[in-house]
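One structure is given below, encoded as structure tokens.
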Amino acid sequence: MNAPIIDPLQGDFPEVIEEYLHHGVTKCIAFNRRGTLLAAGCADGSCIIWDFETRGVAKELRDKDCIAAITSICWSKYGHRILVSSADKSLILWDVVSGEKITHITLHHTPLLARLHPGSSTPSLCLTCPLSSAPMIVDFNTGNTTVLPVTVPEADSGPAPPSRNKPSDGPPYTPTAACFNKFGDLVYVGNSKGEILIIDHKSIQVHAMVPTPGGAVIKNIVFSRDGQYLLTNSNDRTIRIYENLLPLKDGLIALGHLNKTVDEVAGVEKMKAVGSKCLALFREFQDTITKVHWKAPCFSGDGEWVIGGSASKGEHKIYIWDRVGHLVKILEGPKEALIDLAWHPVHPIIISVSLTGMVYVWAKDHTENWSAFAPDFKELEENEEYEEREDEFDLIPETEKVKESDINEDDEVDIVTVEKDAFSDSDMSQEEICFLPATPCPDIPEQQDKCVGSSSKLMDSNNSGSPLSEEAGQNGQAMNHASSPLEVVSNSYAAMDSLTEDTGGTRMKRKRKPSEKGLELQAEKGRKPLKSYGRLSKIRSKPVADPDISNGIFGDDISD
């Protein structure tokens, strides 16, 4: 039986590895908003863009000044820009269509994560999380960086002091996770104390704080595609889902109103009170048996599923939970560590990256569904006796007579209004870049040199020891040694034509490109005349003609 029909509540999630993509050593991946293009950052500093419909390479972005490994990759809202961060402390902004580098900025610390501002099609701001510094906002137009606060002073109820905006020279800094909200007016920062800070990145002010249970270090923080849920991955081996209680648009204004309404307490307690009205703990996910650490957790495209990769070495496992909290599937891949994950924005497809640089495509294991071809098809578990209807084979059965249509044909049909795309939350979807024109890859010069060298060697071997070339040289005919074997045969026929003109015999037809069978026939028919030609040439010009031309060499060479 077909399970998707019998059980309509079965999950629509991937099950098996459908195929893999390989182009260099991949380190990180990211889909565009529609899921038609997949970008990957490689270990050699290049960025590969695959057309996900055809699984072919659509474009390769490479900067000669950047040869370090790519640490993160991010698309702009409408797919016009791609931001990559690399291990050489640089940020590079690319134009996707032209393939040109727009901006190159070098930071003081290696950026582990970089995200473009989601509120613009051509963003000029990005959020980056360096290895040994607090998260910062980078302005591409001016090159200025603004360090965000990561802690809240216990005795200060106002904004964070300016000293927090500068990286300290103290002990090694714990990497801090951060992300924009859906429209980019707020930044959510997860610090090493297990606190989620809600910050206005323009005024550099902390408006709210949400402590997590246990107070473990927050390693990852990411919003769902629709902005309704926030995911955190903590060092206590737990993935937590928070419900966003702020409105999607104008979240900063709503947060300001909450700060005005909470007057009972002040300082840190006020921030916690405001934070409790911004985020509400929804679910917690963990493996209570193995207590495994999680790698690159994220939401599905519709937010109904949560996935997390196992961070164990030599293990390529992907855990899938529903939003209620049930573990529904564990995908087991090759014996390679997992370093990055991405869920397709539209389809039930997961992309995973292994430590060796392979990109695996996980998809559903589709089974035959005959109901798709015939809607009235019914599958039977066992044979049943069929009773024929009385009018089943009539030309016009009584049960299938056409009824009068209830549709009013005078109503006007609206062909102007465009229905909203169910998979897009954009108001300007027509400006999105969904596909890229395919560009042919140039030939590698090394391969061309090898081909030219092998062909020249082949031609030299064909002509260097050929008796025809020696005879042509004796008869005073210039022959090019780099010519093909077919040209050699045609030149030999030209020599025969000159002999027939001297003897007054029958002139043979000249073929420029004879086939093997034609050469054999010509050899059989032309043996007797060739011998006579050889004798006449002996009589007329003994020192010029070679006696071997009549017997074995010419005829055997053609027959061979």
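Brief remarks on what is shown
- Dipole size of the stretch 37-80 about its Cα centre, with +1 on Lys/Arg Cβ and -1 on Asp/Glu Cβ: approximately 80 debye, rounded to the nearest 20.
- Taking only protein heavy atoms and a 1.4 Å probe, the accessible area of the stretch 252-362 is 54% carbon and sulfur.
- Burial order of peptide ranges 19-26, 305-312, 381-388 (average beta-carbon count within 10 Å, highest first): 305-312, 19-26, 381-388
- The alpha-carbon atoms of the stretch 16-141 define a convex hull whose volume equals 113 cubic angstrom per residue.
- Solvent exposure of the stretch 20-110 as accessible area per residue, Å², 1.4 Å probe: 37
- Packing order of peptides 99-111, 69-81, highest average first: 69-81, 99-111 (average count of other Cβ atoms within 10 Å over each peptide's residues).
The values are calculated or read from the model by the stated rules, or taken from the named source; none is laboratory data. Computed from a prediction, not measured in an experiment: that's the story for all the values here. Cβ sites come from the backbone with ideal geometry, for glycine too, and all protein chains shown count toward neighbours. Side chains included, ligands, DNA and RNA excluded: accessible areas come from the protein's heavy atoms. Shrake-Rupley method; radii C 1.70, N 1.55, O 1.52, S 1.80 Å.
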